[in-house]
Amino acid sequence: MRHRVAHRKLGRVTSHRTALLRNLATALFERERIRTTLAKAKELRPYAEKLITLAKRDADRLHARRLVLRDIRDETVVKKLFDSLGARFAARAGGYTRILRLGPRKGDGAEMAILELLGSEYKPKDKAEKSSTKGEKDKEKAGAAGVKSGARKKEKEAPAE
């Protein structure tokens, strides 16, 4: 029976497991979307959501920042967590992350997943927008190429004088 056995061990000793979760949480907050195994994603989810809940605190903001700094050592990531991510999830009561299953990994067959923060979803452009932006980029390249070739001609002529 598995009474009161809460978490997965992930094949690591305790110190390595906490280091793994800290590194994954740092990467998640920095990039807002990471690709990892399903077991690691399921373990990281409550860990990261507790840190986001701390970042939402208004009353004891300094103490909350110090609590988060125990786990996430990168101060730029902590600043982003408290400034932008905490504000983004201020009205939300919980459930800040989403796990998307990807299927088995080619090498060892491990079940892969994407763990992402809500609000950082991939938004593809419409076909009309793609064609218009592609045409504009081609025009810019052609114009830049014309300027470069003209500048080269002037440079070549100038030393001859």
Problem - Ala25 under 21 Å from Thr97 (Cα atoms), in contact with a helix residue (DSSP H, G or I) (Cβ under 6 Å, 6 or more places away or on another chain), without any contact (Cβ under 8 Å) to a residue 24 or more places away in the chain and in the same structural domain as Met112 (by TED's automatic domain parsing) - result: no
Exercise for the section: Return yes when Arg35 is outside the structural domain of Gly94 (by TED's automatic domain parsing) and either without any contact (Cβ under 8 Å) to a residue 40 or more places away in the chain or not in a helix (DSSP H, G or I) (or both) and no when it is not. Expected result: no
Exercise for the section: Report yes if some residue within region 13-24 is exposed (fewer than 14 other Cβ atoms within 10 Å of the Cβ), of a type in the set (A, V, I, L, M), part of a helix (DSSP H, G or I) and out of contact with any Ser or Thr (no Cβ under 8 Å at 6 or more places or on another chain); otherwise report no. Expected result: yes
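Yes or no, residue by residue, for (1) in a loop (DSSP other than H, G, I, E, B); (2) in the same structural domain as Thr18 (by TED's automatic domain parsing); (3) modelled with pLDDT of 90 or more; (4) surrounded by fewer than 16 Cβ atoms within 10 Å (Cβ to Cβ):
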residue	(1), (2), (3), (4)
Thr76	no, yes, yes, yes
Gly86	no, yes, yes, no
Ala91	yes, yes, yes, yes
Gly103	no, yes, yes, yes
Ala144	no, no, no, yes
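The values are calculated or read from the model by the stated rules, or taken from the named source; none is laboratory data. For clarity, every value in this text was computed on a predicted model and none was experimentally measured. So basically every Cβ, Gly included, is an ideal-geometry build from the backbone, and we count neighbours across all protein chains shown.
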